[in-house]
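Worksheet: the structure to be examined is printed underneath.
The values are calculated or read from the model by the stated rules, or taken from the named source; none is laboratory data. Note that this is a predicted model, so its numbers are computed, not measured. Neighbour counts run over all protein chains shown; Cβ positions are idealised from the backbone, glycine included.
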């Protein structure tokens, strides 16, 4: 190597080394930012030996089921857009460490049987599950830098923003120790309307794929079987939606959902509780067309406590 090349390499190293040090520092600090994945995992693992009821599901369960209203110790492991693949894999990951677990509540929303997270615009969440839960979806592309770099996972713009703010961000500051996230009420809520309800159902219908049903049923069968081996029951619950959502749902989809879940229940001795069109839930208890606010969550959680958890909890609320 001649002197000119050595000089060029040396100058390049002088430029690159500080950049690499800075990027390494940012990666390290980003790892300490609480988010909906690492915070929930930490909270769950702290309580594994005392949980009686584990709640699974997507955002409808995340905001709509508050275990504080259970008469026994519950934890809500639901998350935004969480598919049945991650529901089942998280539960299976911890079954043997949850010595007091009596019941797993699996929420089945209108769309749950018909898709995986990779079918959604939020498929980037797959990398969060891989990074923070050590759970890999079979279709996850391992060459994706988001699986290994938090700068790439959060996005460069967000990473720079968190850096400028001194990494003091808490992306899950509203998460309760039991995993539930509260949504406050909105006076004269403009988020609830026929038009927005129709669009919401249209979106959920767009991400439905018939071929996903067999895949999801197999995941549920495996979960039920593993739970039964350990003396743990599984109960299925469909959360309520407001009438502005329900009126646009496809009756054939609802019939198929009911058929598949009831077939599972008959085969394995489970129970199914369907609150989808439960008119006891009123406008003031919804945040939008298909998510309950904290008042609705209190009502729904109390109903689950009474209807679903009677065999497992001493009701003293």
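Tally the residues that are surrounded by 13 or more Cβ atoms within 10 Å (Cβ to Cβ) and at negative phi, restricting the search to segment 150-176.
Adding up the residues that qualify gives 16.
Working only within segment 107-162, note down all residues that are within 30 Å of residue 251 (Cβ to Cβ), out of contact with any helix residue (DSSP H, G or I) (no Cβ under 7 Å at 6 or more places or on another chain) and not in a helix (DSSP H, G or I).
Correct list: 120, 121, 122.
If you scan segment 35-57, which residues turn out to be part of a loop (DSSP other than H, G, I, E, B) and under 25 Å from residue 231 (Cα atoms)?
Once the filter is applied, which keeps residues that are part of a loop (DSSP other than H, G, I, E, B) and under 25 Å from residue 231 (Cα atoms), segment 35-57 yields 51, 52, 57.
From the list 217, 261, 183, which one is within 30 Å of residue 50 (Cβ to Cβ), touching a residue at least 12 places away in the same chain (Cβ under 8 Å) and part of a helix (DSSP H, G or I)?
Answer to the selection: 261.
Of the residues 176, 147, 158, which single one is under 16 Å from residue 125 (Cα atoms), out of contact with any strand residue (DSSP E or B) (no Cβ under 6 Å at 6 or more places or on another chain) and touching a residue at least 12 places away in the same chain (Cβ under 8 Å)?
147
Could you tell me whether residue 192 is crowded, with 17+ Cβ neighbours inside 10 Å, at pLDDT 95 or above, over 22 Å from the mean Cα position of the chain (by Cα) and closer than 30 Å to residue 70 by Cβ?
Spelling it out, residue 192 is indeed crowded, with 17+ Cβ neighbours inside 10 Å, at pLDDT 95 or above, over 22 Å from the mean Cα position of the chain (by Cα) and closer than 30 Å to residue 70 by Cβ.
Output the residues belonging to segment 232-257 that are surrounded by fewer than 19 Cβ atoms within 10 Å (Cβ to Cβ) and part of a helix (DSSP H, G or I).
243, 251, 252, 253, 254, 255, 256
So, residue 312, is that one modelled with pLDDT under 95 and crowded, with 18+ Cβ neighbours inside 10 Å or not?
Here the answer is yes, as residue 312 does meet what is asked.
Restricting attention to segment 74-106, which residues are assigned to a helix (DSSP H, G or I) and within 26 Å of residue 123 (Cβ to Cβ)?
84, 85, 86, 87, 88, 89, 90, 91, 92, 93, 94
Looking only at segment 63-73, count how many residues are in contact with a strand residue (DSSP E or B) (Cβ under 9 Å, 6 or more places away or on another chain), surrounded by fewer than 21 Cβ atoms within 10 Å (Cβ to Cβ) and not in a loop (DSSP other than H, G, I, E, B).
Count: 1.
Working only within segment 276-316, note down all residues that are within 19 Å of residue 54 (Cα to Cα), assigned to a loop (DSSP other than H, G, I, E, B) and either touching a strand residue (DSSP E or B) at 6+ places or on another chain (Cβ under 8 Å) or in contact (Cβ under 8 Å) with a residue 60 or more places away in the chain (or both).
Listed by number, the residues that qualify are 308, 309, 311, 312, 313, 314, 315.
Go through the residues of segment 95-103 one by one and say whether even a single one is closer than 19 Å to residue 281 by Cβ, touching a residue at least 40 places away in the same chain (Cβ under 8 Å) and touching a helix residue (DSSP H, G or I) at 6+ places or on another chain (Cβ under 7 Å).
Within segment 95-103, not a single residue is closer than 19 Å to residue 281 by Cβ, touching a residue at least 40 places away in the same chain (Cβ under 8 Å) and touching a helix residue (DSSP H, G or I) at 6+ places or on another chain (Cβ under 7 Å).
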